[in-house]
């Protein structure tokens, strides 16, 4: 299936006029129209045991896990980072809204979970896990988009690359300790803790959508922060990373703002990163 792609000339014009490089995706509308439901199913089954079972495939690269603490608030902010030969997995934890400003940390917390799928994931999976294989196929289907933008936008720096990395991220923003009457407050806290404004240390990235609107980005013309129409439906957005500056592009600064709709619960976002490993690194 063909993708809607934007030429370098049009991208330059869009950056000059503040227009967002958003296009409709037939794949998202049709083949992947249940992607957020499937993301929920993935995180329902993905845990430490499953991670180790799927990543323990050879003695040279055993799966590992590390807990990284924020040095300033180690009891309120920490991350479980899992690395393996097949795919990656992170669980970031922050103290909840009741505990955040308290000297005593209670049982409330908010969570961000990430699953990372790479080029080699499909070839190295030791056994079937349909919840993961759905997104492995998504990686394969959308990788040509990243390859197109790598050729179109960054050809002048290709000689400096050792290789490219194509990393699909499925992200869950969760509020495990919220009650029905505190869910909005916990979601707001989650967004504030994990939604800081930044640009990614990448060449670029393909935003493949969110199940409800919280993503916002800085307009390249007037520097205003704007929500991007269509990401909660079947559109995708090309974003420029920090390393795009080497080729004259303006990085896409982005973050999240709280959506107070009480009907919303767990938030999902899907991002496909294009990274370069530079010579000598």
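The values are calculated or read from the model by the stated rules, or taken from the named source; none is laboratory data. Predicted model only: the values in this text are computed from it and were never measured. Positions of Cβ are backbone-derived with ideal geometry, glycine not excepted, and every protein chain shown enters the neighbour counts.
Identify the residue in the range 16-37 that is out of contact with any strand residue (DSSP E or B) (no Cβ under 6 Å at 6 or more places or on another chain) and buried (at least 18 other Cβ atoms within 10 Å of the Cβ) and, among all such residues, is nearest to residue 149 (Cα to Cα).
20
Suppose we filter the range 1-52 for residues that are without any contact (Cβ under 8 Å) to a residue 60 or more places away in the chain and more than 30 Å from residue 251 (Cα to Cα); how many remain?
Count: 8.
Yes/no matrix, rows are residues, columns are (1) touching a helix residue (DSSP H, G or I) at 6+ places or on another chain (Cβ under 9 Å); (2) within 26 Å of residue 76 (Cβ to Cβ); (3) free of Cβ contacts under 8 Å to residues at least 60 places away in the same chain; (4) outside any loop (DSSP other than H, G, I, E, B):
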| position | (1), (2), (3), (4) |
| --- | --- |
| 200 | yes, yes, no, no |
| 209 | yes, no, no, yes |
| 238 | yes, no, no, yes |
| 245 | no, no, yes, yes |
| 263 | no, no, yes, no |
| 268 | yes, yes, no, yes |
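Suppose we filter 164, 140 for residues that are without any contact (Cβ under 8 Å) to a residue 40 or more places away in the chain, surrounded by fewer than 18 Cβ atoms within 10 Å (Cβ to Cβ) and within 20 Å of the chain's Cα centre (by Cα); which single one remains?
Numbers: 164 fails: without any contact (Cβ under 8 Å) to a residue 40 or more places away in the chain.
Sole residue among the options that is without any contact (Cβ under 8 Å) to a residue 40 or more places away in the chain, surrounded by fewer than 18 Cβ atoms within 10 Å (Cβ to Cβ) and within 20 Å of the chain's Cα centre (by Cα): 140.
Of (1) without any contact (Cβ under 8 Å) to a residue 60 or more places away in the chain; (2) surrounded by 17 or more Cβ atoms within 10 Å (Cβ to Cβ); (3) farther than 28 Å from residue 274 by Cα, residue 91 satisfies all except one. Which?
(3)
Step by step: first the residues of the range 39-97, then only those that are more than 25 Å from residue 108 (Cβ to Cβ), out of contact with any helix residue (DSSP H, G or I) (no Cβ under 7 Å at 6 or more places or on another chain) and in a loop (DSSP other than H, G, I, E, B), then the one that is modelled with the lowest pLDDT. Which residue is that?
59
Would you be able to say whether some residue in the range 94-107 is under 17 Å from the mean Cα position of the chain (by Cα) and within 23 Å of residue 271 (Cα to Cα)? Break it down into steps so the answer makes sense when it comes.
Of the range 94-107, the ones under 17 Å from the mean Cα position of the chain (by Cα) are none.
The answer is no, given that none of the residues of the range 94-107 is under 17 Å from the mean Cα position of the chain (by Cα) and within 23 Å of residue 271 (Cα to Cα).
Conditions tested, residue by residue: (1) surrounded by fewer than 20 Cβ atoms within 10 Å (Cβ to Cβ); (2) more than 19 Å from residue 116 (Cβ to Cβ); (3) under 17 Å from the mean Cα position of the chain (by Cα).
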{"residue": "223", "(1), (2), (3)": "yes, yes, no"}
{"residue": "235", "(1), (2), (3)": "no, yes, yes"}
{"residue": "253", "(1), (2), (3)": "yes, yes, yes"}
{"residue": "272", "(1), (2), (3)": "no, no, yes"}
{"residue": "277", "(1), (2), (3)": "yes, no, no"}
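What do you reckon, is residue 192 surrounded by fewer than 18 Cβ atoms within 10 Å (Cβ to Cβ) and not in a loop (DSSP other than H, G, I, E, B)?
Judged against the criteria, residue 192 is a match.
Residue 33 fails exactly one of the following numbered conditions: (1) under 20 Å from residue 140 (Cβ atoms); (2) in contact with a helix residue (DSSP H, G or I) (Cβ under 8 Å, 6 or more places away or on another chain); (3) not in a helix (DSSP H, G or I). What is the number of that condition?
(2) is the only condition that residue 33 fails.
How do the pairs read when you match residues in the range 102-122 that are at positive phi and assigned to a loop (DSSP other than H, G, I, E, B) with residues anywhere that are modelled with pLDDT of 95 or more and loosely packed, with under 13 Cβ neighbours inside 10 Å, using Cβ under 8 Å and keeping only pairs 6 or more apart or on different chains?
Every condition considered, no pair remains.
For the subset of the range 211-225 comprising residues that are without any contact (Cβ under 8 Å) to a residue 40 or more places away in the chain and assigned to a strand (DSSP E or B), which member is nearest to residue 167 (Cα to Cα)?
218
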